[in-house]
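The values are calculated or read from the model by the stated rules, or taken from the named source; none is laboratory data. Treat the numbers as computed from the prediction; the structure is a model and nothing was measured. Cβ sites come from the backbone with ideal geometry, for glycine too, and all protein chains shown count toward neighbours. Calculation scope for accessible area: heavy atoms of the full protein, side chains included, ligands and nucleic acids excluded. Shrake-Rupley method; radii C 1.70, N 1.55, O 1.52, S 1.80 Å.
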Amino acid sequence: KSGSYQIGARLPANGRFGETSIVLDPMEVANIAVTLSASAPLNASVLINNGQNATYSKYVTLNLSATDGDSIVAYYASESSTVPDENGPGWSTISDPTSDYQGDHSYQLSDGDGTKTVFVWFKNPSNYISPVAQDSIILQKNAGIYLSNFTVTAAAIPDSSDLNQQCINEFGAT
């Protein structure tokens with residue numbers, strides 16, 4: 001966590017740490033003020049629809065995760081690779097911030113078939129932004145199954161159980 005801390009260290013008998021000489025009585029304690037600065041969230045990760053390669057819907061689920069020494073308070077998802085401003089619009093607040101965040105969130109891909117890449121950043125309470133995480137998926141919104149060159153033969157079948165079996169034999173489905 002960020003803040004100022006004091007670290008006490010007892011000097012060795014010769015009064016030296018490494019190559020630096022410190023003139024103190026060997027029995028005295030040297031207090032050194034250290035300020036730790038906050039860092040950006042780590043281990044940012046995103047999967048689209050649990051890592052699927054393709055989808056027929058532009059409405060997908062982003063499976064997100066990241067870690068931070070304090071907590072993850074927001075994420076930013078976009079099809080643009082431009083790093084967002086830490087105070088700019090578009091950040092989605094995480095309702096229950098935690099240092100080891102994992103969550104699923106709905107996302108709408110842009111229109112048009114093809115490969116879609118989603119870039120995600122996370123931020124902590126100090127507004128430090130994580131390195132980018134990204135995943136891609138192929139949107140095939142207009143894809144479908146097309147049949148050609150097939151023949152349907154009609155026949156009188158006395159009961160429905162025979163009809164069901166005939167459908168299974170001919171088409172592999174009921």
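Which order, highest average first, do 128-136, 69-77 follow once you tally other Cβ atoms within 10 Å for each residue and take the mean per peptide? List each step's numbers first, then the result.
Details: 128-136: 17.0, 69-77: 19.3.
Peptide ranking by packing, descending: 69-77, 128-136.
What whole number of Å gives the distance from the Cα centroid of the stretch 69-94 to the Cα centroid of the stretch 108-127?
So the separation of the two Cα centres works out to 9 Å.
Listed highest first by mean packing, meaning other Cβ atoms within 10 Å per residue, what order do 52-60, 115-123 come in?
Details: 52-60: 13.6, 115-123: 20.1.
In decreasing order of mean packing, 52-60, 115-123 become 115-123, 52-60.
Given 0.36 nm per residue, what is the gain on full extension from THR98 to SER39 after removing their alpha carbon distance, in nm?
19.7 nm
Whose amide H sits under 5 Å from the amide H of ASN124, counting only residues 5 or more places off or on another chain, with H placed in the peptide plane?
It is VAL73, by chain and number.
For the stretch 61-129, what percent of Cα pairs sit more than 16 Å apart?
So the portion of pairs separated by more than 16 Å is 47 percent.
I'd like the carbon and sulfur percentage of the solvent accessible area for the stretch 48-105, probe radius 1.4 Å, heavy atoms only, ligands and nucleic acids excluded.
Roughly 40 percent, rounded to a whole number.
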